[in-house]
Amino acid sequence: MKYNFFFYFIMLSILISCNINQQKSATTNLNQTPQNEIKFEWQSFELDGTKYEHGAMFLPVYLDSIHKKFKMQFDLGLNVSGIYENPLNTIIAKHPYLKDRIKIGKDYEVVKTNTKIGSYTSSVDSLFIFKNYGEKKSYDELSKIGSIGANELEQKILIIDFKKTTLKILKDSVELDKTNYDFVPLKYKYGKIFIPLSINGKTYNYIYDTGASITPITTIDKNFFNEVNMSSTKIDTVKLNSWGKLATFTKSSIKVPVQLGNISIDPKNKSIFFTEEQKIIETLNQIGVKGLIGNDFFINNSIVVDLINNRFGINKK
């Protein structure tokens, strides 16, 4: 894998993510969970006078032979899972054997390590090293060390229950109770999850990105933005973090019915964000989409991302 290809997808995942240094831990117990169920933790943050409760999803992780619980952001905007270089250096100082597991390619580096996500054993045996990134803290203080990307889910099924703040990763569709969900087809390419979003009878392919937690829908399509908010609702201008810099977004309430296939999504209390930031436009245009769907769009639902049968499900009401 070429490093420039890899870095391009890192940038997408940070499209509307919160600044990791501004995050505040939500009060969530990560220790008491049923077998095969992973409890995730929301990280809230405050920006430009607004507090966002669902800033980012963090999962408990354990590296091979290291008896310390770390956290990684669950970020499907990334096509690969990775560890941040600064925390990795701190971990290596405590556990020198990891240095021998670093493999250097032409324009990338990986560290070979087995990872457990809660009680789930990851099938990914290497973590890409995100250069010059992450917290510089002592080993005892160290917590956030990397991100879990979409390659963790290849040929698997993800179930997220946002109300219970839990998720499961299944290796067989037999384990999924299909009667609880309505499904639409999804496309998985470039390490991205594309789902069909329909407004007023028109269908658009948008990316589902767990790294874009705080925005239900984000678009670079002005006509789409006007159609969804009917051009008559209150318009706000907000600043959000994009690749470490504040970017300007226009925000409005969603005022028309939203469909995923035949599934109706209640637009009540949901917003759409529009931006003309050139870097964001260039990134999304390269992939061939006009926007992202974030976690806030499904915050009162349970969802299924089925990469065995290429379908996306929402729990039946």
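List of remarks:
- Gyration tensor (alpha-carbon) shape descriptor, region 138-185, a/c threshold 1.5: prolate
- Accessible area of PHE194 (1.4 Å probe, protein heavy atoms only, ligands and nucleic acids ignored): about 10 Å².
- Relative contact order, percent, the chain [alpha-carbon distance under 8 Å, six or more residues apart]: 20
- Per-residue packing, averaged as other Cβ atoms within 10 Å, sorts the ranges 127-134, 175-182 into the order 127-134, 175-182, beginning with the highest.
- Antiparallel DSSP beta bridges within the chain, percent to nearest 5: 85
- With all protein chains in place and a 1.4 Å probe, the accessible surface of the chain carries 45 percent carbon and sulfur.
- Ellipsoid equivalent to the chain - semi-axes via the Cα gyration tensor, in Å: 31, 22, 19
- The charge dipole of region 41-126, taken about its Cα centre with unit charges on the Cβ of Lys, Arg, Asp and Glu (plus for the first two, minus for the last two), comes to roughly 460 debye.
- Remark: the Cα gyration tensor places region 62-112 in the oblate category, a/c being 1.5 or greater and a/b not exceeding b/c.
- Around ILE293: net Lys/Arg minus Asp/Glu count, Cβ-Cβ under 15 Å: -1
- Dipole moment magnitude, nearest 20 debye, region 198-317 about Cα centre, only Lys, Arg, Asp, Glu C-beta charged: 280
- For the listed peptides 278-286, 92-100, 207-215, 250-258, a ranking on the average number of other beta carbons within 10 Å per residue, highest first, reads 207-215, 250-258, 278-286, 92-100.
- For the chain, adding -39500 (n - 2.57) for each run of n ≥ 4 DSSP H residues and dividing by the number of residues yields -3500 deg cm²/dmol at 222 nm.
- Cut-off 14 Å, label 7 Å out along Cα→Cβ of ALA93, residues of region 131-154 by amide N: 135-143
- Stretched out straight at 0.36 nm per residue, the stretch from THR248 to ASP107 would grow longer than its current Cα-Cα span by 47.5 nm.
- For region 183-274, the relative contact order works out to 30 percent when only alpha carbon pairs closer than 8 Å and six or more residues apart are counted.
- Per-bin percent of Cα-Cα distances, region 186-317 [10 Å]: 12, 47, 34, 7, 0
The values are calculated or read from the model by the stated rules, or taken from the named source; none is laboratory data. Quick caveat, the model's predicted, so the values are computed rather than measured. When we count neighbours, we look across all protein chains shown, and the Cβ atoms used for this are built from the backbone with ideal geometry, even at glycine. Only protein heavy atoms, including side chains, enter the accessible area calculation; ligands, DNA and RNA are left aside. Shrake-Rupley method; radii C 1.70, N 1.55, O 1.52, S 1.80 Å.
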